[in-house]
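Here is the structure we will look at.
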Amino acid sequence: MKKALAILMVLALVASAATAEITFGAWGRGLFAVSDTGASGAKSVAENKVSWGGAPRIGFTVAGSSDNVGFVLEMKGDDGDITANDQQFIWVKPMDMVKLSLGRVQDDTLRGNAAFGSWNWDRAFGDGATGEDFTFSRLSTGSLESALFNNNQGLIAALTPVENLFVGVAVRDINNQGNPWGNQPGATNQTATIMNRIQAAFGYTIADVGQIRAQIIRNPASWKADGTVDKNLDTIEIAFKYTGMENLYVDAGFRMWSDDKVTEKKQISIYGNYKMDALTAHASTRIDLNGKMDTFDASGDMGLYVGAGIDYALDGGVAVAADVRYTNEIMDGSKDAKTTVFAGVTKGFSNGLIGAGFEVAAKTDTGYSIPVRFEYWF
């Protein structure tokens with residue numbers, strides 16, 4: 001009898017362990033780039049960097065998951081120091097339709113993505129303004145502009161109450177870590193200020209048509225002496241992703257801000273791609289309908305960006321890519337418009353790639369970059 005009970009206990013432990021696991025993943029990218037800004041007196045320089053600047057990204061992730069509980073720990077060792085990367089959080093699913101994540105969290109369920117061409121290479125000489133949040137921003141616990149890439153402490157509730165509906169609510173920067181006005185008299189993380197830090201988003205997928213999304217991202221802009229928020233500068237976003245035609249993807253977003261005394265800008269962003277066998281064609285555009293406070297010359301003129309590119313897959317894991325982009329002086333915030341051109345080739349392997357490219361950025365001066373790209377994923 002005792003032997004039978006012992007066997008049953010072992011089987012129960014094995015069964016419970018079978019639904020839980022610890023996983024290890026990794027992603028990183030680095031560029032060896034030779035570049036010259038073209039400015040008077042500038043010299044050619046060689047450097048190790050990553051697409052968005054700084055040292056090459058050497059990242060890895062440890063994650064644990066079971067049916068109802070898990071954790072995510074993202075780390076990086078970019079420049080000789082092992083430090084935290086974007087996310088470190090605990091998640092719990094008290095029921096199938098609810099997932100709660102506590103810590104530094106990002107949720108990309110509704111995020112727009114316009115990453116192609118030079119965005120994946122040396123952005124300083126190519127595309128540095130579109131990328132993954134082009135049409136619709138990610139859900140995160142960060143504050144203000146850093147919310148897209150550098151979180152603070154917070155809580156995200158992800159709800160799926162019915163099929164095809166996603167609702168996300170984030171309590172952002174709950175410890176008041178990333179608020180640039182945090183040193184103002186009275187600026188605190190009082191419970192009374194929680195609603196001023198909320199991000200609330202929803203998305204609904206219409207079968208064989210696409211997905212509609214909307215959200216408000218609340219950000220405290222000034223504080224009262226008692227530690228509560230005086231005014232907010234909130235971002236409002238609406239987007240629609242069309243997926244009703246095979247091989248065609250189109251995502252269009254509208255963005256505005258709640259305080260027209262700070263900015264009157266209204267922003268329209270569109271990205272699309274079309275796949276034809278080995279060829280993928282990309283196109284993106286953004287229009288800023290500006291108030292006078294948003295423009296370089298205070299004219300209130302329209303800001304404009306347009307870009308187009310192609311990817312083509314060859315045999316043996318070889319792929320080529322190219323793009324051209326134009327940003328007018330209002331959108332670029334300078335006296336001159338900017339045009340960038342990129343071409344590159346990569347050789348892919350089972351867990352990474354190597355490639356070389358050439359980029360030209362023409363504005364007041366004409367500069368170039370020759371990046372060699374290293375990338376891995378596990």
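Numerical summary
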quantity: Residue within the range 162-180 that is under 13 Å from the mean Cα position of the chain (by Cα) and more than 30 Å from GLY357 (Cα to Cα) present; calculated: no
quantity: Those residues of the range 78-91 which are surrounded by fewer than 16 Cβ atoms within 10 Å (Cβ to Cβ) and more than 19 Å from the chain's Cα centre (by Cα), in sequence order; calculated: ASP79, GLY80, ASP81, ILE82, THR83, ILE90
quantity: Qualifying positions in the range 192-203 - surrounded by fewer than 18 Cβ atoms within 10 Å (Cβ to Cβ) and either touching a Phe, Trp or Tyr at 6+ places or on another chain (Cβ under 8 Å) or not in a strand (DSSP E or B) (or both); calculated: ALA192, ILE194, MET195, PHE202
quantity: Subset tally (residues that are buried (at least 16 other Cβ atoms within 10 Å of the Cβ) and on the phi > 0 side of the Ramachandran plot) for the range 39-58; calculated: 0
quantity: Index of the failed condition, ASP336 passing every other in (1) in a loop (DSSP other than H, G, I, E, B); (2) touching a strand residue (DSSP E or B) at 6+ places or on another chain (Cβ under 7 Å); calculated: (2)
quantity: Unique match (being hydrophobic (A, V, I, L, M, F, W, C), modelled with pLDDT of 95 or more and closer than 23 Å to ALA278 by Cβ) among VAL360, VAL320, VAL306, VAL372; calculated: VAL320
quantity: Any chance THR188 is more than 30 Å from ILE268 (Cα to Cα), part of a loop (DSSP other than H, G, I, E, B) and touching a residue at least 12 places away in the same chain (Cβ under 8 Å); calculated: yes
quantity: Candidate set: the range 234-279, residues that are among the basic types (Lys, Arg) and part of a loop (DSSP other than H, G, I, E, B); chosen: the one surrounded by the most Cβ atoms within 10 Å (Cβ to Cβ); calculated: LYS265
quantity: Strands (runs of 3 or more DSSP E) wholly inside the range 24-83 that include at least 2 residues being under 18 Å from PHE149 (Cβ atoms); calculated: 57-65, 69-76
quantity: Filter pass, ASN247 being at positive phi and polar (S, T, N, Q); calculated: yes
quantity: Subset tally (residues that are under 30 Å from VAL250 (Cβ atoms) and at pLDDT below 95) for the range 164-197; calculated: 1
quantity: Given (1) at pLDDT below 90; (2) within 19 Å of ILE330 (Cβ to Cβ), number of the condition GLN267 does not satisfy; calculated: (1)
quantity: Neighbours by Cβ (under 7 Å, 6+ apart or cross-chain): first from the range 336-352, in contact (Cβ under 8 Å) with a residue 24 or more places away in the chain; second aromatic (Phe, Trp, Tyr) and assigned to a strand (DSSP E or B); calculated: ALA337/TYR326; THR339/TYR326; ASN351/TYR376; ASN351/TRP377; GLY352/TYR376; GLY352/TRP377
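The values are calculated or read from the model by the stated rules, or taken from the named source; none is laboratory data. Note that the coordinates shown come from a computational prediction; the quantities given were computed from them, not determined experimentally. Here the Cβ is made from the backbone with ideal geometry for all residues, glycine too, and neighbour counts use every protein chain on show.
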